[in-house]
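Worksheet: one structure, shown below.
The values are calculated or read from the model by the stated rules, or taken from the named source; none is laboratory data. This structure is a prediction, so every number in the text was calculated from the model and none was measured. Here the Cβ positions follow ideal geometry from the backbone for every residue, glycine too, while neighbour counts run over all protein chains shown.
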Amino acid sequence: MSNYVKRYRQDQLETIEFFTEQSNSLPSDILSQLVDTIDDISTTSDCPIILLKSGGEKVFCAGASFDELSSLQNMDTGKAFFMGFANVILAMRRSPKIILGRIHGKSVGGGVGLAAGCDYVFASKYASVRLSELAVGIGPFVIGPAVERKIGLAAFSQMALNATEWQTAQWAKDKGLYQEVFENTEQLDAYIDHFSKLLLSSNPLALYELKKVFWENTEHWTKLLPARAEISGRLVLSDYTREAISNFKKMN
């Protein structure tokens, strides 16, 4: 299968699905397509909710594309790459739609950021999470505000510093990253169908106002996330990170 970002509407629910061949990792073009698709639905659709999901059956999202990370040559291209993640989070923030997340498998780095950018998240018990950035000499700077907003500073610090350990889906639920965890994808999808129908029967104006409440006090992110992208763009050029990424690619 080729990489893609799809938008489709089924039973009055707007869905965005992304897929890449490398464990749903996120290169710049896919990040850009996600931003465009979120913005398009936000401005053209009468549906008050969006479902974000990924294709495949194993990993939800492996985070940043290591092929692209290893090709970055200067501060400008480094910052531009990490701005891809910033722009997705900012698009999720400014969307007037309630964004539901379907997390069927493991999430790493930027994938955790996508989950954190959702307003309500459904996961399978296989949806473990890890912020692995420090292990390659960077840090979860860009997605940090979104993750911390959901799980708090203490849990975010744990994930950021313990960069090689997976946290279970139940841990993610206990901390507030996930709202529901299910035994399998069949139960997961059945509940998403049930829950989305409940929201679709709700007053769309009330959902719109709730979305604004959920994201209060994040107005400064339009400046904060670019500043964070600059930090990551600088660190990704360090000798430590170049060697760590090279070693990771050799092992995978």
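Selection of the range 152-170 for residues being in contact (Cβ under 8 Å) with a residue 12 or more places away in the chain, surrounded by fewer than 22 Cβ atoms within 10 Å (Cβ to Cβ) and not in a loop (DSSP other than H, G, I, E, B) yields G152, A155, A160, L161, Q167, Q170. Would you mind stating whether T37 is crowded, with 20+ Cβ neighbours inside 10 Å, of a type in the set (S, T, Y) and part of a helix (DSSP H, G or I)? Taking the combined requirement at face value, the residue satisfies it. Between A163, A172, A206, which is closer than 25 Å to R102 by Cα, among the small types (G, A, S) and in contact with a strand residue (DSSP E or B) (Cβ under 6 Å, 6 or more places away or on another chain)? Exactly one of A163, A172, A206 is closer than 25 Å to R102 by Cα, among the small types (G, A, S) and in contact with a strand residue (DSSP E or B) (Cβ under 6 Å, 6 or more places away or on another chain), namely A172. Filtering the range 199-212 for residues that are under 23 Å from G113 (Cβ atoms) and part of a loop (DSSP other than H, G, I, E, B) leaves an empty set. Taken residue by residue, the range 150-170 has at least one member that is closer than 22 Å to F66 by Cα, in contact with a Gly (Cβ under 7 Å, 6 or more places away or on another chain) and not acidic (D, E). Considering the range 161-209, the residues that are among the small types (G, A, S) and under 21 Å from the mean Cα position of the chain (by Cα) include one that is farthest from L131 (Cα to Cα), namely S196. Of all the criteria given as (1) of a type outside the set (K, R); (2) buried (at least 20 other Cβ atoms within 10 Å of the Cβ); (3) modelled with pLDDT under 95, the one not satisfied by Q22 is (2). Y4 fulfils the conditions (1) surrounded by 14 or more Cβ atoms within 10 Å (Cβ to Cβ); (2) of a type outside the set (A, V, I, L, M, F, W, C); (3) within 18 Å of L114 (Cα to Cα); (4) modelled with pLDDT of 95 or more except for a single criterion, (1). Quick check on my filter: what residues within the range 64-91 are under 30 Å from Y126 (Cβ atoms) and modelled with pLDDT of 95 or more? Residues satisfying the conditions are F81, F82, G84, F85, A86, N87, V88, I89, L90, A91.
From S196, S201, grab the single residue that is surrounded by fewer than 16 Cβ atoms within 10 Å (Cβ to Cβ) and either of a type in the set (S, T, Y) or without any contact (Cβ under 8 Å) to a residue 60 or more places away in the chain (or both).
S201
Under the condition of being more than 12 Å from R94 (Cβ to Cβ) and free of Cβ contacts under 8 Å to residues at least 12 places away in the same chain, the residues counted in the range 204-221 number 7. For the range 111-160, a residue qualifies if it is of a type in the set (A, V, I, L, M, F, W, C) and under 12 Å from the mean Cα position of the chain (by Cα), and the qualifying residues are V112, L114, A115, A116, C118, V121, V129, L131, V142, I143, A146, V147.
Yes/no matrix, rows are residues, columns are (1) surrounded by 15 or more Cβ atoms within 10 Å (Cβ to Cβ); (2) of a type in the set (K, R); (3) under 19 Å from the mean Cα position of the chain (by Cα):
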{"position": "V213", "(1), (2), (3)": "no, no, no"}
{"position": "T218", "(1), (2), (3)": "yes, no, yes"}
{"position": "W221", "(1), (2), (3)": "yes, no, yes"}
{"position": "L225", "(1), (2), (3)": "yes, no, yes"}
{"position": "L235", "(1), (2), (3)": "yes, no, no"}
{"position": "Y240", "(1), (2), (3)": "no, no, no"}
{"position": "E243", "(1), (2), (3)": "no, no, no"}
{"position": "M251", "(1), (2), (3)": "no, no, no"}
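Residue pairs whose Cβ atoms lie under 6 Å apart, sitting 6 or more positions apart in sequence or on different chains, and linking a residue in the range 224-248 that is under 17 Å from N87 (Cβ atoms) to a partner that is surrounded by fewer than 16 Cβ atoms within 10 Å (Cβ to Cβ) and not hydroxyl-bearing (S, T, Y), are G233/M75. Scanning the range 130-155 for residues that are at pLDDT 95 or above, touching a helix residue (DSSP H, G or I) at 6+ places or on another chain (Cβ under 8 Å) and more than 19 Å from A227 (Cα to Cα) yields R130, L131, K150, I151, G152, A155.
Residues in the range 47-69 include at least one that is in a strand (DSSP E or B) and over 20 Å from I99 (Cβ atoms).
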